[in-house]
Structures are given as C-alpha cells and as structure tokens.
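Here the structure is laid out as structure tokens; the discussion comes afterwards.
Computed from the coordinates by the stated procedures, all read-outs in this text should not be read as laboratory data. In this text the structure is predicted, and so the values were computed from the model without any measurement. All Cβ positions, even for glycine, are placed from backbone atoms using ideal geometry, and neighbour counts span all protein chains on display.
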Amino acid sequence: MSISIRCLFILSSVAISLGSCGPETEKTPEKQSDSVPAMPAEVSTMTAKLEEITQSIRLNGQIEYNPNQVVHYASLVNGIITKTFFSLGDKVKKGQVLAELRSSELSDLNAQVSTLQAQLTVANRKLSIAESMFADKVSSEKDLFEAQSEVAILKTDIEKVNANLSLYNASAEKGVFQIKAPVSGYVVENNISGGTQINGNDAHLFTISDLSDVWVTTNVYAVDLPFVQKGMSAVIKSKAYPDETFEGVISEISQVFDPQERVLKARIRMPNKDLKLKPGLAIEAVVRKNQGGKAIGIPVGAMIFHNNENYVLIKKADNSLEPRKVTVDVQDNDRAFFKNGIEAGEKVVIKNQLLLFSDAVSSEK
C-alpha cells in the first residue's frame, strides 16, 4: 500500500474515533401520565360539633296502612261483576265508578218500583173519586181517610225501594249496580275482576287508603324493653332509599307480646307527602336515647383502625390531611363521641378515608 493511501486511512480512523468520543445526544423526556391524583380539597368532610351523647339501637319493621284512614268495601247484594274500571294502586276519587255488578236483586227492586207505581196510579184515582164523593156528601169521611192512607203507604214503599236502589247505586239504563268509591285515596287491595261472583257475605271487594299518613310498625325484643320508650325520636331507613332518611316519633308501644313473633310492637306515625313510604316496605328504625352530657360526635364509619389504635383524618385549612390518633369515650352502632382529640369546627373526612389515610401516612415517612 502506498504511503499516501495509508495516511488517508489513518486520518479517517482518527476522525471516527474523535466523533465517537463527543457529547451524548439528549434523550427525549418521557411523556408524563395524564392521571391527576385526587386533591384533598375534593374529599367529603363533616364539620365537627358538640352534640348530645346518645346511645342507639336498631329496630326492624315495615310500613303499614293507617287503619284510621282505610275503607274496606263490602257488597250488600249478590251478583256478578261485569266490568271494572280500576287497578291495584290507582288513585281514585270519592263517587268514582269502580265496577258494575249485575244482580237479580236489581231486577226485583225495579219490578217492585214498577208495581208500586202502577198501584199508586190506581190509588190516586180512587182518592180523587173519594174526595169528589165526600165533597158531594155521597161517601163518608172514613172512605176518604182510607183512600188517603193507601196513597201515603204506597208513596212510602216507593221511597223505600228507591232508597235501596240509590244505596246500591243502581243504573236503570244499564241494568246494573254501580260500585262507587266511598272515599278518595289509593286502591291498596283488590279482590275483584270481570266475571267475579259476589256473595253478600264476602269480607270486602277492595280496600282504599289515604297514604298521606302511614304507620311504621317495628319489633321490640325483650332485651330492648328498658331502652325503647314512647315519645322517642326515630330515624327511618330503607334499602329502597339508601341515601335518604325519614324522621318520626314512637307514638305507641304494645303492652302484649305478639304470640307468633314473641315481640312487642312499637308504632311510629309518619307523614308521607311524597308517597315514598309504601305499605309492606321493610324498614329499619334507629332510635336514640340521651346519655347525658355533650361531646364531639362523628359517624363510626369515619374512624380508621390502624395498628390497634383509632384514627381520624382531619382536613386542615391548607387542604392538607392530618392523620390523628383519638380515644373514643362513648360508641354505639352509629356514632362515636370524643371529649378530647377533636375540636368543634374541624373538618373530619367521612368518605374514602381509608385510602386517603394510607396516602397521608406514606407521605409522612
């Protein structure tokens, strides 16, 4: 190889070596995750405040009709239901036709009216003749009184039959008895339909109730007798409305144990404006008894059990979260009370506190 070619090769090698020893190219920074951790400002909290120290128990029960606002309709005659104009749960008004009943008794009553009307026509003619003859002194006063008495008796009989027809809401045009709603309310029970055979001895055909006011009947077991008292406030809960509660007061407590369930029945009368409390709906009533004194009260679920100790998560003014160890003074199924450790006005985290507590503890390490 010639000297010039060898030199060129050496120079090229040196250039390549020098280039490889130069500064490294900057790496493109990795794209950061779009996910943003939840800010403490977004957590759900409650403001701690002093409240009466209470003890609570839970009573199971169900919604029932107010028996003072329930009407059971029973038929006074026998027959067959030909038509119905309502369904279970319908809202009805007083006087509204709910069903039609065809009965042989209606035919008998209509026949009686026709017969009595014909007899009254004859009696009126006899009375007119008797009055004329009495005026001409042809007949005696006794004959006049007899004619007048016959007319009066027939009119009374006609009024009696018409009263019965009116009582049964008879429709002469359709030849049926019309069953009308005796009161306004909701049909909560229905035992009839088209073609149903009706017997006058049947207990009731349907039931109408005004659901604007209902009863909550709860079971009180023997062990709870010293606790539950008339006049106690009660908070009604139902799985049908998991985020809603209803307030009531125990109005009556039975003095006799139910022979089947071996419990006493406590009654809570409830207003039902929105008709959410349906008869038959299962409920849980939480009743509380004052224990005397005041303390900071929070839901039991807001507490965090960590390393055999109780904590709460406090949201500070700067939105930071402080895990705070606390000592419970009084606790029941629903609330925990603290005489020390939490100040009135502080914000206690009541939702997702376990996850937030774990993050807060990790950040302190």
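Quick notes
- K278/N352 FRET efficiency (R0 30 Å; Cβ-Cβ; nearest 0.05): 0.35
- Proximal aspartates and glutamates to K91, defined as alpha-carbon separation beneath 17 angstrom and excluding residues fewer than eight positions away on the same chain: E189, D210, D213, D274
- Here's the picture: a label point sits 7 Å out from the Cα of K49 along the beta-carbon direction, and within segment 329-365 the residues with their amide nitrogen under 11 Å of it are 345.
- Local net charge near L264, Cβ-Cβ under 14 Å (Lys/Arg +1, Asp/Glu -1): 0
- Neighbourhood net charge (14 Å Cβ-Cβ; Lys/Arg +1, Asp/Glu -1) for F134: -2
- Cα-projected label distance for R125 with T245, points at 7 Å along beta-carbon direction, nm: 8.3 nm
- A Förster distance of 41 Å, applied to the separation of the beta-carbon atoms of F85 and A118, puts the FRET efficiency at 0.70.
- Each principal axis of the Cα atoms in segment 269-346 has its own extent, and those three values, largest first, are 46, 31, 26 angstrom.
- Extension gain for Q291-R58 works out to 82.2 nm (0.36 nm per residue, less the C-alpha to C-alpha distance).
- Inter-label distance, V361 to Q260: 5.0 nm, where each label sits 7 Å from its Cα along the C-beta direction.
- The simple Förster model, with R0 at 41 Å and r as the Cβ-Cβ distance, assigns K94 and D136 a FRET efficiency of 0.15.
- Per-residue Cβ neighbour rank within 10 angstrom, fewest leading, E244, E322: E244, E322
- For segment 70-207, alpha-carbon Rg relative to the globular expectation (2.2 N^0.38 Å, N residues): 1.50
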